[in-house]
Amino acid sequence: MGCCHADFAMVEGSDRGFTLGMPTFTFGAGVLAEAGPNAAELGLKRVALFTDRGLSGGEHVAKVKASLAASKVDAVVYDEVAIEPTDASLQAAVRFARESGADGYVSVGGGSVIDTCKAANLYATHPAEFMTYVNAPIGAGQRAPGPLKPHIACPTTSGTGSEVTGIAIFTLGSLNAKTGIIGRRLIPTIALVDPDVTRTLPANVVASTGFDCMSHALEATTARAFPRRLNPVQGLHRPVSQGANPFSDALATQALDAVGKYLVRAVRDATDVEARTEMMYAATLAGISFNASGCHLPHGLSYAVSGLTREWHIAGYPQGKTLVPHGMAVVLNNPSVWRHTAPVSPARHLHCATSLGADARGATPDDAGEVLAGRVIELMRAVDMPNGLSALGFGEADVDALAVGAEPQYRVIKNAPVDVGRDEITALFRAALRYW
Ligand SMILES: [Fe+2]
């Protein structure tokens, strides 16, 4: 079972089981054209099709619409999804969903689109005051009281894994903090994962989403193992972020292997169909893996980075406002985190490093953090990632503010294999300022 199964030995009072909310997905070139037959098979007559303005006039949405029409499924399009959704943008989507008369949902887009569609489906199917389903302690953290309507998710980037997770992330305006809605019932009914969509992705998007995928797999593997979870509730109350387990280990290992072999090729050459296809598959595997385990420090810290960056623009993403791509904000914290967490589970960190292609011959447990951090830095440099948080304009004077900005993420940070407080988080940001 898994890479280091001794980590799953039971301890006094621990949860003795783990739960998998398994998604159904179809993977392969051209499978977007299967949207119509899948919708018809689900008995759908009229779907709300969620996308964004950048995609709504493009070939992927056209392909899905044509497939739905051929199967005699009506589609009403909502293309006002916000990139980086907010509570306000989600509630606008919910209003559309309620008024659409749809009996099911199709999403075509990146994580923002798919997440928005999950939330719209949840609130339109089981109406409630907005904070009812938002993660505790920020919201009431209630579970959906019943199944949602069918949702066919069609990702157009290779990284977020949102098509196979029960997670919807957004910024809560009143706190200016990222939070989410999480539950196994949010997992889309079917994901159509079509690597053809990656042919036209800009290099920067492939790089950032690829590092998001990598970090999902690394965090799923290094998260506090499920028998050691701080909150050992069992049965139906077992959280989605239940900790590392043998199932999430296996898929994460396969995803890391692909990232190590194909990420750099996929970024550098848009015509490298093999590399871009493998990255698309890795993203879905890593999504299933972290959905069954949980993310921790790199994701928890990333939201403070993206929220506090003063000025940052990057080709391939919407211009006009400062935007740090999610995967970039995540990877910039990676080496710093691995150097800190490796002493708790050096075998796991070394396993991750070798899966990513590091040469760990002769490495001792004491070297684990450096070997994994070193391999991640190697990949970052190969695809021109910024050299740490200082490249985004942060300095020593900002690390305290970053640590305060990470506080709303303690739900995620608690999954880390080590206990961290304000001092440790400040030190992690300081160590992430510059890597080479
Ligand atoms: Fe992510």
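Just a few scattered comments:
- A count restricted to region 55-70 and to residues that are buried (at least 16 other Cβ atoms within 10 Å of the Cβ) and within 30 Å of Ala275 (Cβ to Cβ) stands at 8.
- Residues of region 297-322 classified as touching a Lys or Arg at 6+ places or on another chain (Cβ under 8 Å) and assigned to a loop (DSSP other than H, G, I, E, B), total: 1
- Residues in region 219-274 that are touching a strand residue (DSSP E or B) at 6+ places or on another chain (Cβ under 9 Å) and of a type in the set (Gly, Ala, Ser) were compared, and the one that is modelled with the lowest pLDDT is Ser241.
- Residue list for region 407-436, filter: in contact with a Gly (Cβ under 6 Å, 6 or more places away or on another chain) and touching a residue at least 60 places away in the same chain (Cβ under 8 Å): Gln409, Val412, Ile413, Asn415, Ala432, Tyr435
- Filtered by the rule that a residue be away from the ligand (no atom under 13 Å from the Cβ) and part of a helix (DSSP H, G or I), region 323-342 gives Pro335, Ser336, Val337, Trp338, Arg339, His340, Thr341, Ala342.
- Matching residues in region 183-239 - criterion: being aliphatic (A, V, I, L, M), in a helix (DSSP H, G or I) and over 23 Å from Asn415 (Cα atoms): Val197, Ala203, Val205, Val206, Ala207
- Residue list for region 94-148, filter: within 23 Å of Glu41 (Cβ to Cβ), of a type outside the set (Gly, Ala, Ser) and part of a helix (DSSP H, G or I): Val113, Ile114, Cys117, Lys118, Asn121, Leu122, Thr125
- Residue within region 294-303 that is more than 13 Å from the ligand (Cβ to nearest atom) and at pLDDT below 95 present: no
- Within region 137-176, being within 16 Å of the ligand (Cβ to nearest atom) and among the hydrophobic types (A, V, I, L, M, F, W, C) holds for Ala153, Val164, Ile167, Ala168, Ile169, Phe170.
- Residues that are outside any strand (DSSP E or B), of a type outside the set (A, V, I, L, M, F, W, C) and in contact with a helix residue (DSSP H, G or I) (Cβ under 7 Å, 6 or more places away or on another chain) within region 153-182 comprise Thr156, Thr157, Ser158, Gly159, Thr160, Gly161, Ser162, Glu163, Thr165, Gly166, Gly173, Asn176, listed in sequence order.
- Filter result (farther than 17 Å from Ser56 by Cβ and among the polar types (S, T, N, Q)) within region 80-136: Thr86, Gln91, Asn121, Thr125, Thr132, Asn135
- Just one of the listed residues (Thr189, Thr165, Thr200, Thr171) is buried (at least 24 other Cβ atoms within 10 Å of the Cβ) and out of contact with any Leu (no Cβ under 6 Å at 6 or more places or on another chain), namely Thr165.
- Verdict on Thr341 being under 24 Å from the mean Cα position of the chain (by Cα) and β-branched (Val, Ile, Thr): yes
The values are calculated or read from the model by the stated rules, or taken from the named source; none is laboratory data. Given the structure is predicted, the values throughout are model-derived calculations rather than measurements. All Cβ positions, glycine included, derive from the backbone under ideal geometry; neighbour counts span all protein chains shown.
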